[in-house]
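**Student:** Encoded as structure tokens, here's the structure I'll be asking about.
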Amino acid sequence: MQEANSRRSNRDRTEATRGELIAAARRLFTEKSYAETGTPEIVAAAGVTRGALYHHFADKQALFRAVVEAEAAAVAKAIEQATPRTLSARDALLAGGEAYVAAMGLPGRTRLLLLDGPAVLGRAEMDDIDGRHGNRTLREGLAATMRAGDLPKLPLEALTSLLGAAFDRAALAVDAGAPAEDYRAVLAAVVDGLVRKTSS
């Protein structure tokens with residue numbers, strides 16, 4: 001029992017250190033940018049040693065990747081919470097889009113996911129991360145809407161990619177100060193325009 005408790009305690013400490021590094025890195029990356037942030041600043045902000053940093057992450061880019069993955073997962077969680085199974089497929093699609101724009105409003109998030117992410121990790125890796133998180137929820141919503149007969153049978157990956165790009169552009173514009181309600185209204189009209197095609 002004591003050995004099991006010791007393993008759990010070590011695991012808890014390890015996870016806590018990893019979490020502190022990710023939190024400190026997120027704060028610095030959003031305040032200063034990835035390029036302007038050095039690993040000495042990160043370990044100082046996290047209150048750990050350089051050895052602890054390199055125990056958890058191969059380099060600064062690997063730490064940045066973990067930050068981006070955590071942010072993308074948080075966005076996906078917000079979308080899932082806003083789209084319970086009780087909603088119709090169409091309403092879930094609209095609610096998910098609104099939840100995405102709202103979740104991206106967290107300070108620094110658009111910079112991490114839409115600006116620095118592609119620049120540091122490359123478009124292919126960001127697409128892979130998106131495919132596990134935000135774009136996954138969008139793809140699932142579109143597929144459900146098609147299955148319900150409320151959306152025409154279109155190539156799912158292409159539709160997900162194009163609508164996802166529209167939502168990303170809205171998030172960037174809102175982050176830069178554009179009225180969120182304007183972008184929400186247009187995105188809702190786009191979704192409704194697609195949905196209504198089946199009944200016209």
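**Student:** Which of (1) over 16 Å from Gly96 (Cβ atoms); (2) open to solvent by 40 Å² or more (accessible area, probe 1.4 Å); (3) at pLDDT 95 or above; (4) not β-branched (Val, Ile, Thr) does Glu181 not meet, given it meets every other one?
**Tutor:** Evaluating Glu181 over (1) over 16 Å from Gly96 (Cβ atoms); (2) open to solvent by 40 Å² or more (accessible area, probe 1.4 Å); (3) at pLDDT 95 or above; (4) not β-branched (Val, Ile, Thr) leaves (3) as the failure.
**Student:** Test of understanding: among Ile22, Ile42, Ile79, which residue is modelled with pLDDT of 95 or more and closer than 30 Å to Gly149 by Cβ?
**Tutor:** Being modelled with pLDDT of 95 or more and closer than 30 Å to Gly149 by Cβ holds for just one of Ile22, Ile42, Ile79, which is Ile79.
**Student:** Inspect all residues belonging to the stretch 129-151 and state whether any of them is in a helix (DSSP H, G or I), within 16 Å of Phe64 (Cβ to Cβ) and among the β-branched types (Val, Ile, Thr).
**Tutor:** Scanning the stretch 129-151, I find at least one residue that is in a helix (DSSP H, G or I), within 16 Å of Phe64 (Cβ to Cβ) and among the β-branched types (Val, Ile, Thr), so the answer is yes.
**Student:** Residues that are under 22 Å from Thr30 (Cβ atoms), open to solvent by less than 10 Å² (accessible area, probe 1.4 Å), touching a residue at least 24 places away in the same chain (Cβ under 8 Å) and assigned to a helix (DSSP H, G or I): does the stretch 114-128 have at least one?
**Tutor:** Yes, because at least one residue in the stretch 114-128 is under 22 Å from Thr30 (Cβ atoms), open to solvent by less than 10 Å² (accessible area, probe 1.4 Å), touching a residue at least 24 places away in the same chain (Cβ under 8 Å) and assigned to a helix (DSSP H, G or I).
**Student:** Now for a separate question. Taking the condition over 30 Å from Tyr183 (Cα atoms) and open to solvent by less than 50 Å² (accessible area, probe 1.4 Å), does Gly47 pass?
**Tutor:** So Gly47 fails the test.
**Student:** List pairs: first residue in the stretch 141-157 and at pLDDT 90 or above and hydrophobic (A, V, I, L, M, F, W, C), second residue assigned to a loop (DSSP other than H, G, I, E, B) and open to solvent by less than 60 Å² (accessible area, probe 1.4 Å) anywhere in the structure, Cβ distance under 7 angstrom, at least six positions apart or on different chains.
**Tutor:** Leu142/Leu151
**Student:** Moving to a separate point now. Can Val43 be described as within 22 Å of Asp130 (Cα to Cα), assigned to a helix (DSSP H, G or I), in contact with a helix residue (DSSP H, G or I) (Cβ under 6 Å, 6 or more places away or on another chain) and β-branched (Val, Ile, Thr)?
**Tutor:** It is false that Val43 is within 22 Å of Asp130 (Cα to Cα), assigned to a helix (DSSP H, G or I), in contact with a helix residue (DSSP H, G or I) (Cβ under 6 Å, 6 or more places away or on another chain) and β-branched (Val, Ile, Thr).
**Student:** Right, next: Name the one entry in Gly19, Gly97 that is free of Cβ contacts under 8 Å to residues at least 12 places away in the same chain, within 25 Å of Thr137 (Cβ to Cβ), part of a helix (DSSP H, G or I) and open to solvent by less than 40 Å² (accessible area, probe 1.4 Å).
**Tutor:** Checking each option against the conditions leaves just Gly19.
The values are calculated or read from the model by the stated rules, or taken from the named source; none is laboratory data. These numbers come from a predicted model, not from an experiment. In this analysis, Cβ positions are derived from the backbone assuming ideal geometry, glycine residues included, and neighbour counts consider all displayed protein chains. Note: accessible area is taken over every heavy atom of the protein model, side chains too, but ligands, DNA and RNA are not part of it. Shrake-Rupley method; radii C 1.70, N 1.55, O 1.52, S 1.80 Å.
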